[in-house]
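Derivation of every value follows stated rules applied to the coordinates shown; laboratory data play no part. Every value quoted in this text rests on a predicted model; they were computed, and no experiment measured them. When we count neighbours, we look across all protein chains shown, and the Cβ atoms used for this are built from the backbone with ideal geometry, even at glycine.
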Amino acid sequence: MTRTIEIVDYDPAWPDAFTGISQAVAAALGPLALRIEHVGSTAVPGLGAKPIIDIDVVIESPRVLPLVVEALSTLGYTHEGDGGISGREAFRREVPADGSRQAWPTHHLYVCPRDSEELGRHLRFRDYLRSHPEAAARYEALKRDLAHRYANDIDAYIEGKSAFVERILAVDGCEARG
């Protein structure tokens with residue numbers, strides 16, 4: 001099934017959607033979750049984005065991943081592996097398993113060890129865009145252009161963004177901070 005890539009204007013409901021999901025995840029994980037971070041474009045106020053909440057659950061180390069997989073399964077999540085990105089485990093949730101039958105906002109859930117390079121990249125990029133509105137505006141314009149050109153090709157869309165992301169991460173020693 002092909003999904004069309006669509007960038008929508010910033011929705012002020014995105015932070016509340018993150019909060020609702022993260023509270024349920026935190027309750028299921030208890031102390032296994034060191035913290036839960038709203039990352040990605042929906043975490044940057046004012047930034048247009050695909051209407052998908054990106055969430056990073058921070059854990060102590062990969063040693064606790066089996067316990068995390070088990071706990072998240074109680075919410076209907078399935079572990080999908082790292083998808084070729086070291087330091088980030090992906091989870092998918094198709095059907096509510098919590099008995100509520102309530103649909104949750106569309107989201108991507110990732111679990112990252114606290115020393116994960118990928119987690120550090122997510123946080124640095126998010127924080128840079130939050131504190132540099134001109135860069136966020138350029139990023140949004142790029143994403144809208146890529147979504148128009150590659151509406152049905154997520155790989156080309158992602159590849160088109162990568163040079164911008166890498167430039168931002170290299171700015172002001174951003175790559176060195178974590």
**OP:** Step through the residues of the stretch 64-77 one at a time and calculate ³J(HN,Hα) from phi using the Karplus curve (6.51 cos²θ - 1.76 cosθ + 1.60, θ = phi - 60°), rounding each to whole Hz and writing x for Gly and Pro.
**Re:** 8, 4, x, 5, 5, 4, 5, 5, 5, 5, 5, 9, x, 7
Original post:
How big is the charge dipole of the stretch 42-142 about its Cα centre, in debye rounded to the nearest 20, if each Lys and Arg gets +1 on its Cβ and each Asp and Glu gets -1 on its Cβ?
Top reply: 240
**OP:** Using only the Cα atoms of the chain, construct the convex hull and provide its projected area averaged over every direction, in square nanometres to one decimal.
**Re:** 10.2
Subject >> In order through the stretch 10-19: 3J(HN,Hα) via Karplus (6.51 cos²θ - 1.76 cosθ + 1.60), integer Hz, x for Gly, Pro >> reply: 3, 10, x, 7, 4, x, 5, 4, 4, 4
Original post:
For the chain, the longest stretch holding no trypsin sites (Lys or Arg not before Pro) located in a DSSP loop with at most 13 other Cβ atoms within 10 Å is which?
Top reply: 4-100
Subject >> Pairs of alpha carbons in the stretch 104-178 whose separation is greater than 14 Å (percent) >> reply: 67
Original post:
Of Ile158, Ile36, Ile21, which has the largest mean-square fluctuation in a 10 Å C-alpha GNM of the chain?
Top reply: Ile158
Subject >> Using θ = phi - 60° and Karplus 6.51 cos²θ - 1.76 cosθ + 1.60, couplings along the stretch 80-87 (whole Hz; Gly, Pro as x) >> reply: 10, x, 8, x, x, 10, 4, x
**OP:** Just need the relative contact order of the chain here, percent rounded to a whole number, with Cα pairs under 8 Å and 6+ apart.
**Re:** 22
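With a ≥ b ≥ c the root eigenvalues of the C-alpha gyration tensor of the stretch 1-44, is it rounded (a/c under 1.5), prolate (a/b larger than b/c) or oblate?
It is prolate, given that a/c is not under 1.5 and a/b is the larger ratio.
Pairs of alpha-carbon atoms within less than 8 angstrom and 6+ residues apart define the contacts here; what relative contact order does the stretch 50-96 have, in percent?
Details: 32 pairs, mean separation 12.2, N = 47.
Normalised by residue count, the contact order of the stretch 50-96 is 26 percent.
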Subject >> Cα gyration tensor shape for the stretch 47-146, rounded if a/c is under 1.5, else prolate or oblate >> reply: oblate
**OP:** Pull up the DSSP beta bridges for the chain and report the antiparallel fraction as a percent, rounded to 5.
**Re:** 65
